[in-house]
Amino acid sequence: MEAKKTTIQFIKEAANKLKDCKIKRLTAPHTQSVIEGVMKGVGLKNIRQTMLFVPMFDNSCRCRNTDLDDIANYLDCSTLDIVDYVPELNDMMKSGFIRTTERECIDLMRQSYAINEDVLSAIIEGKVVSPSPNQQDSCFDKYDFCKMVSNLVENREVTLKSVIAYVNKKESECEYLKFIKDVCLVVPNVEDRILFYEMCNDYLGSESRGNGETDINSTMADIYEHTNKRIACKKTLLNDSHPLIIADLIMNKNAEHKELILTEKGKRLFFDDDIVSFSKSYFNLDRYSFTQTIYDYIRSDNFDKDNNRADIRLQCKVVEIEQANPQLQFISNVSKLISETDDRILFYMVCQKCIKGETLDLVHYLDVRYRARTCNEKMKLFKSGNHILLKTNLVELNKESGFFGDTTYLKCTSKGKDLFFEEDAQIYQEEEDTKGLLISSDIKEKHLFFSSELSGQLSMVQESLQDESYQRLKERLQTKALPKGIAVLMYGLPGTGKTESVLQIARATGRNIMKVDISATKSAWFGESEKIIKKVFTDYGYLCEKSSLTPILLFNEADAIFSKRKDVASGNVAQTENAIQNILLEEIEKLEGILIATTNLADNFDAAFERRFLFKIRFDKPTLEAKQNIWMDKIPFLLPDAAKELARNYDFSGGEIENIVRKAMMREVIAGESPTIAVLHEYCREEKIAKNDHHPRIGFK
């Protein structure tokens with residue numbers, strides 16, 4: 001009985017039959033049985049595949065690859081005859097029997113094939129052939145793909161048309177790569193994709209060349225063989241109208257327009273999950289490295305203000321860094337106050353300078369960030385006080401005079417430092433200037449004596465400012481859509497107790513007083529006075545936020561800035577004073593706190609201020625009864641009749657009585673004895689004499 005033939009024996013016999021067969025004389029029964037033996041032993045689908053497999057197996061045994069011309073010579077037929085068999089070759093590749101040996105070969109006639117190692121070994125060893133259907137080359141990834149495209153592009157013998165056809169074909173074959181799918185989705189034109197693949201490969205080479213840049217001129221020469229096509233494409237790259245630039249995948253490195261680089265979006269598209277290995281990580285930053293990262297980006301080659309899309313990319317980069325660090329609570333808090341990314345970037349830069357104990361040179365910053373027109377627009381916002389960072393009291397604008405002129409700079413306010421530094425804020429806070437802040441617990445109690453009508457008005461104000469009543473009043477006003485602030489005007493003759501009434505109300509209600517230095521609100525520099533007044537209210541607003549009880553904002557002798565508006569034709573001073581009054585009117589209108597103004601000259605007040613004050617309290621000279629009580633309170637040893645006599649004989653205000661009491665105390669200290677009634681009368685006459693002295697004065701009249 002004849003032994004069963006092995007697959008290798010069938011292949012050997014088939015080789016003898018097929019050699020120089022001219023694809024003929026294959027109908028003989030013995031020839032067909034041999035070919036069928038190969039087909040069944042290997043697992044091929046048909047005779048056509050067997051005719052291709054046998055020559056390739058023969059060459060593989062001699063460690064040679066096989067192209068279409070080799071098969072034609074083996075069978076002694078024309079290459080054109082074998083082209084008809086290409087679909088069978090592709091099918092055998094998909095089934096895992098054979099493979100191409102050159103991935104980058106785009107010329108079908110030059111493509112070489114070889115039997116897969118597992119198939120070859122199984123046949124030689126007499127084992128069952130089990131190729132892996134639809135086997136993908138697990139080693140062929142997106143990096144290999146981009147390298148393959150780059151090699152084709154840089155091969156000047158290959159035309160663009162051939163590259164396009166081949167890239168389309170390979171994209172179809174490699175659709176299992178997520179990168180290819182994503183790029184085809186974002187970039188519909190294959191020419192644009194070829195440029196992107198080339199740039200991705202250039203970026204991969206950045207570790208060896210140190211830059212990751214793509215030279216525009218050489219790349220255009222590689223891709224396009226025709227000069228007009230090179231120029232057309234380069235033009236779109238230079239004017240930022242190229243589809244890849246519009247899609248924010250690539251960008252010009254700088255204003256010189258010599259090199260292209262991948263944008264952050266382009267890098268993310270290319271690297272995907274591998275981005276950490278090829279790009280700087282922005283995750284898990286602390287507040288200090290967060291601002292340093294943004295600062296470094298602005299100062300790097302990645303940012304060029306002359307690039308039309310540079311600012312958009314910067315803002316996208318900052319948002320990316322913000323989103324990568326959800327553990328930083330200050331980012332969320334800042335975003336609630338500052339919605340525009342561009343404004344947040346400036347705040348972060350001011351904070352970055354604050355970390356180093358420095359201030360931000362505003363003019364220099366604007367010059368680095370923006371073109372001239374935008375610089376001017378931003379500077380106008382700051383000079384007018386309308387920039388959001390000023391309005392939210394996160395930064396303050398200051399000027400310093402130097403040898404080379406004035407420097408305008410920004411620095412963090414206390415509120416800005418609290419917002420950014422959070423628990424570290426105390427380290428960066430400057431020692432608070434408490435010169436204008438009166439603490440309620442430090443105010444000494446004094447007995448004040450007024451008419452019943454005036455006492456009733458002051459009692460109503462004091463009761464309204466007790467915290468429980470104050471909170472209910474604010475809620476009620478808000479419900480009725482009325483202004484929530486409480487403004488009080490105390491006016492009248494000097495020495496009648498206006499300022500002291502404010503102090504005693506503050507002491508009784510536990511509210512601190514922020515006292516405005518009226519003289520400090522006037523500046524010789526044009527426009528500075530308005531900024532100072534605005535700063536008074538922003539500082540007060542921040543003090544309200546920090547205080548458990550809303551403090552009182554006190555304008556003492558307020559007629560100096562609440563005076564009647566003047567004709568602007570009278571000069572710059574009038575224009576400045578009118579601007580200050582407009583600011584005051586606006587701030588009082590939107591006040592969410594407690595403002596008390598005192599004045600001796602109510603007639604000088606502008607009528608527009610009247611309706612802004614909820615309480616308007618007039619202080620007249622004390623009544624006879626009130627003066628008697630003041631004398632007895634200040635000089636306890638006085639009998640009622642003596643006090644009444646002094647009150648009746650001398651029409652003094654409370655302040656004038658206090659002057660006489662101070663003289664009496666001086667006598668006690670110097671002479672060691674209390675003044676008699678006669679001495680008190682003498683002091684009172686001296687007080688009147690000082691006012692009614694008609695003796696000639698020395699000097700000019």
For the range 161-185, enumerate the residues that are in a helix (DSSP H, G or I) and not hydrophobic (A, V, I, L, M, F, W, C). 161, 162, 166, 168, 169, 170, 171, 172, 173, 178, 181, 182
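This table checks each residue for (1) among the acidic types (Asp, Glu); (2) over 30 Å from residue 470 (Cα atoms); (3) free of Cβ contacts under 8 Å to residues at least 60 places away in the same chain.
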site	(1), (2), (3)
594	no, no, no
599	no, no, no
606	yes, no, yes
611	no, no, yes
630	no, yes, no
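Yes/no per residue for (1) assigned to a loop (DSSP other than H, G, I, E, B); (2) on the phi > 0 side of the Ramachandran plot; (3) under 60 Å from the mean Cα position of the chain (by Cα); (4) not hydrophobic (A, V, I, L, M, F, W, C):
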| residue | (1), (2), (3), (4) |
| --- | --- |
| 9 | no, no, no, yes |
| 33 | no, no, no, yes |
| 41 | no, no, no, yes |
| 44 | yes, no, no, no |
| 52 | no, no, no, no |
| 55 | no, no, no, yes |
What is the residue count in the range 62-87 for residues that are surrounded by 12 or more Cβ atoms within 10 Å (Cβ to Cβ) and either in a helix (DSSP H, G or I) or of a type in the set (A, V, I, L, M) (or both)? 13
Please name all residue pairs, on different chains or six or more residues apart, with Cβ atoms under 6 Å, provided the first residue is in the range 189-214 and is in a helix (DSSP H, G or I) and the second residue is aromatic (Phe, Trp, Tyr) and modelled with pLDDT under 95. 200/270
Among the listed residues 160, 177, which satisfies the condition of being surrounded by fewer than 19 Cβ atoms within 10 Å (Cβ to Cβ) and in contact (Cβ under 8 Å) with a residue 60 or more places away in the chain? 160
Select from the range 360-373 the residues that are more than 18 Å from the chain's Cα centre (by Cα), in a helix (DSSP H, G or I) and not hydrophobic (A, V, I, L, M, F, W, C) and write down the one among them that is surrounded by the fewest Cβ atoms within 10 Å (Cβ to Cβ). 373
In the range 597-614, what residues are over 44 Å from the mean Cα position of the chain (by Cα) and of a type in the set (Phe, Trp, Tyr)? 605
For the range 411-495, which helices (runs of 4 or more DSSP H) that fit wholly inside it have 2 or more residues that are over 28 Å from residue 557 (Cα atoms)? 414-421, 425-428, 467-479
Identify, from the list 388, 338, 355, the residue that is surrounded by 14 or more Cβ atoms within 10 Å (Cβ to Cβ), out of contact with any Phe, Trp or Tyr (no Cβ under 8 Å at 6 or more places or on another chain) and closer than 16 Å to residue 416 by Cβ. 388
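Here's the yes/no breakdown for (1) modelled with pLDDT under 85; (2) acidic (Asp, Glu); (3) outside any helix (DSSP H, G or I); (4) surrounded by fewer than 16 Cβ atoms within 10 Å (Cβ to Cβ):
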{"site": "539", "(1), (2), (3), (4)": "yes, yes, no, no"}
{"site": "554", "(1), (2), (3), (4)": "no, no, yes, no"}
{"site": "587", "(1), (2), (3), (4)": "no, yes, no, no"}
{"site": "591", "(1), (2), (3), (4)": "no, no, yes, no"}
{"site": "596", "(1), (2), (3), (4)": "no, no, yes, no"}
Being out of contact with any Leu (no Cβ under 7 Å at 6 or more places or on another chain), under 23 Å from residue 112 (Cβ atoms) and polar (S, T, N, Q) is the requirement here; does residue 49 meet it? yes
Candidate set: the range 225-269, residues that are at pLDDT below 90 and among the basic types (Lys, Arg); chosen: the one farthest from residue 315 (Cα to Cα): 258
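The values are calculated or read from the model by the stated rules, or taken from the named source; none is laboratory data. Worth saying up front: this structure is predicted, and the values here are computed from it rather than measured. Please note: Cβ atoms are built from the backbone with ideal geometry, for glycine as well, and neighbour counts cover all protein chains shown.
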